[in-house]
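FYI, it's all coordinate maths here, none of it is from the lab. Every value quoted in this text rests on a predicted model; they were computed, and no experiment measured them. For neighbour counting, all protein chains shown are included, and Cβ atoms are generated from backbone atoms with ideal geometry for every residue, glycine included.
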Amino acid sequence: MKPIVVFGFDMETDIGSWTPFYEGLVNGTPEILSVLQKHDVKSTFFFTGDAARSNPDIVNMVSASGHEVGCHSLYHETLGDELIPIPGLRPVLPEECYHRVEVATKIVEEVAGRKMHSFRAPRLWGSTALVNALEDLGYKADASYPMFFHEERVVPYHPSKENWLAEGDMKILEIPNFADMTIVSADVGGRDRDQWPKFRTEGADAIMKHIRNMLDFYKRKNLPAVLCFYLHPWEFWPMPEGLIHFGEGSVMPDPFIIKNCGEVAIAELDKWIQMLKEMEIQFTTAVDLVDFRGKIHEQG
């Protein structure tokens with residue numbers, strides 16, 4: 001089977017939801033769609049409930065372009081197990097998880113006019129409670145597994161109801177997010193294996209180096225190569241530099257978070273996709289990846 005790439009765009013407020021603004025979603029999404037149309041690539045756009053409710057025209061634009069509309073929680077709240085300590089952020093209680101996802105799902109479905117099949121947890125903080133909630137709500141795919149952190153799962157799998165990190169007999173397909181597992185990590189959380197946002201901070205050539213590393217990795221282990229990436233619409237619109245004030249406080253993004261947002265990111269995404277196409281890689285959405293599960297199982 002040819003290598004498969006899933007591009008997932010997390011539709012949230014600007015700068016990783018550290019702000020309440022939707023400048024990136026409103027202005028960056030058309031830029032993304034233009035590049036994807038140029039290359040005839042279909043992707044999944046994971047909307048928070050608030051993003052969908054506040055920007056129905058963007059949801060309709062994505063849907064009309066033939067892409068999958070998925071869900072990304074209600075307000076970009078963290079629904080799963082904590083990966084790394086972040087000041088002021090704590091996951092919702094496991095017993096709250098189902099209702100939060102249910103409400104978010106209903107909102108996005110009402111705006112999109114279609115059933116939700118795919119989900120991604122904000123910050124890739126997934127959990128057993130979250131996966132069980134998704135299964136009960138009829139989701140088919142969850143692109144929340146952070147390969148760089150948990151390390152064990154490098155191909156899509158069906159998780160266990162008792163432990164989402166273990167293989168089991170659930171119907172939902174868990175999709176690991178791309179990381180370069182050939183790197184010996186020097187970070188406690190393995191974040192140096194996670195290659196976001198290298199495509200725009202260092203360029204398409206830099207991310208392709210890590211992709212080739214992983215394609216060799218999959219080949220050596222005789223595993224199917226399924227590469228799932230997470231990106232954001234705010235990366236494709238210039239983000240403000242320096243201190244950003246709103247409400248009763250301010251946020252100062254680390255420089256790499258907003259570096260080259262806008263025109264550079266657009267150009268590098270275009271170049272990146274072209275380089276992948278030249279390698280005869282297949283592109284698919286998160287839900288359509290479920291259709292490959294037979295082949296994935298055979299080769300895994």
ask   = Within the stretch 4-19, can you find the residues that are touching a strand residue (DSSP E or B) at 6+ places or on another chain (Cβ under 6 Å) and not β-branched (Val, Ile, Thr)?
value = PHE7, GLY8, PHE9, ASP10, MET11, TRP18
key: Residues (outside any helix (DSSP H, G or I), hydrophobic (A, V, I, L, M, F, W, C) and closer than 24 Å to ASP57 by Cβ) located in the stretch 83-134   = MET116, PHE119
remark   = PRO159 vs (1) in contact with a strand residue (DSSP E or B) (Cβ under 7 Å, 6 or more places away or on another chain); (2) over 30 Å from ALA64 (Cα atoms); (3) touching a residue at least 40 places away in the same chain (Cβ under 8 Å); (4) of a type outside the set (S, T, N, Q): all pass except (3)
key: Contacts under 9 angstrom Cβ, first residue in the stretch 208-235 being more than 20 Å from GLU278 (Cβ to Cβ) and without any contact (Cβ under 8 Å) to a residue 24 or more places away in the chain, partner among the aromatic types (Phe, Trp, Tyr) and crowded, with 19+ Cβ neighbours inside 10 Å, 6 or more apart   = none
remark   = By residue number, the members of the stretch 193-236 that are among the β-branched types (Val, Ile, Thr) and outside any helix (DSSP H, G or I) are VAL226
key: Test for GLY16: is it at positive phi, surrounded by fewer than 24 Cβ atoms within 10 Å (Cβ to Cβ) and in contact (Cβ under 8 Å) with a residue 40 or more places away in the chain   = yes
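Please go through the stretch 103-127 and pick out each residue that is of a type in the set (Lys, Arg) and farther than 12 Å from ASP50 by Cα. Full working, then the answer.
As a first pass, look at the stretch 103-127 and keep what is of a type in the set (Lys, Arg): 106, 114-115, 120, 123.
The answer is ARG114, LYS115, ARG120, ARG123.
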query = Looking at the stretch 231-243, is at least one residue farther than 19 Å from LEU25 by Cβ and in contact with a strand residue (DSSP E or B) (Cβ under 6 Å, 6 or more places away or on another chain)?
reply = yes
ask   = Within the bounds of the stretch 70-90, is there any residue that is out of contact with any Lys or Arg (no Cβ under 6 Å at 6 or more places or on another chain), surrounded by fewer than 19 Cβ atoms within 10 Å (Cβ to Cβ), of a type outside the set (A, V, I, L, M, F, W, C) and under 24 Å from PHE199 (Cα atoms)?
value = no
